[in-house]
Amino acid sequence: MSERSPLAIRQEEGRLFEALGAPVWRLVHPKTVGSSQLGMSLCLMQPGDEIRRHSHDYEEAYYVLRGSGSMHIEGEPPIHLEPGLAVYVPAGRVHGQVADRGEPLDIILALSPPPVEGATPRFAEPPP
């Protein structure tokens with residue numbers, strides 16, 4: 001088997017980020033593949049998990065792979081998350097999501113620019 005490119009990464013090689021309420025695997029990131037203008041993550045939510053409402057200075061796009069849930073974006077009506085749905089989150093907007101109780105909710109996230117390692121998002125409310 002040939003050696004893999006340093007530009008390719010498997011989920012387990014990503015950087016786990018757990019500050020939001022569910023595990024987020026940072027895959028394409030400056031600390032993993034050396035990206036500078038793009039980040040890509042995988043959010044793996046168990047039934048009932050909630051990503052705390054937060055905001056940050058970068059744009060974000062969601063693509064639902066599996067499961068269902070509800071997403072809040074400041075100034076918008078609630079969004080029902082389901083497989084095949086893409087959602088754009090403008091920079092600076094408070095947002096968060098909750099997984100329905102039936103099955104896990106798996107989401108691919110694209111971020112531009114990528115989040116700074118160690119930086120904490122601005123949470124909309126204090127921790128529970």
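How big is the shadow of the Cα convex hull of the range 1-50, averaged over all directions, in nm²?
4.4 nm²
Check which residues have an amide H placed less than 5 Å from R66's amide H, if you skip close sequence neighbours.
Counting only residues 5 or more places away or on other chains, the set is D106.
Which percent of the accessible area of the chain is formed by carbon and sulfur heavy atoms (probe 1.4 angstrom)?
After summing per-atom areas, the C and S share lands at 54 percent.
For the chain, calculate the relative contact order in percent as a whole number, restricting contacts to Cα pairs under 8 Å that are 6 or more residues apart.
So the answer I get is 29 percent.
Hey, what do the phi angles of the range 94-111 turn into as Karplus ³J(HN,Hα) couplings, whole Hz, using 6.51/-1.76/1.60 and θ = phi - 60°, x for Gly and Pro?
5, 8, x, 8, 10, 7, 5, 7, x, 7, x, 10, 10, 9, 8, 10, 10, 9
What are the ³J(HN,Hα) couplings of the range 35-48, residue after residue, when phi is run through the Karplus curve with 6.51, -1.76, 1.60 and θ = phi - 60°? Round to Hz, x for glycine and proline.
Coupling constants for the range 35-48: 5, 10, 10, 9, x, 9, 10, 10, 9, 10, 9, 7, x, x Hz.
Mind telling me which of V94, V28, V116 comes out most flexible in a GNM of the chain, alpha-carbon contacts under 10 Å?
V116
Hey, can you find the accessible area per residue of the range 1-115 for me, probe 1.4 Å, expressed in square angstrom?
On a per-residue basis, the range 1-115 sits at 54 Å².
Within 12 Å, Cβ to Cβ, of H72, how many net charges do the neighbouring residues add up to if Lys/Arg are +1 and Asp/Glu are -1?
Once positives and negatives cancel, what remains is -1.
Of the candidates D49, D57, D100, which one comes out as most mobile in a Gaussian network treatment of the chain with C-alpha springs shorter than 10 Å?
D57
Amide H of T32: which non-local residues (sequence gap of 5 or more, or other chain) have their own amide H closer than 5 Å, using H built in the peptide plane?
When sequence neighbours closer than 5 places are left aside, there are no close amide H contacts.
How large is the Kirkwood hydrodynamic radius of the chain, in angstrom, based on all distinct alpha carbon pairs?
Averaging 1/r across every pair of different Cα atoms and inverting gives 15.0 Å.
The values are calculated or read from the model by the stated rules, or taken from the named source; none is laboratory data. Everything numeric in this text was worked out from a predicted model, so none of it was measured. Ideal geometry is used to build each Cβ from the backbone, glycine not excepted, and the neighbour counts take in all protein chains shown. Just so you know, the surface numbers come from the protein's heavy atoms only, side chains and all, with ligands and any DNA or RNA stripped out. Shrake-Rupley method; radii C 1.70, N 1.55, O 1.52, S 1.80 Å.
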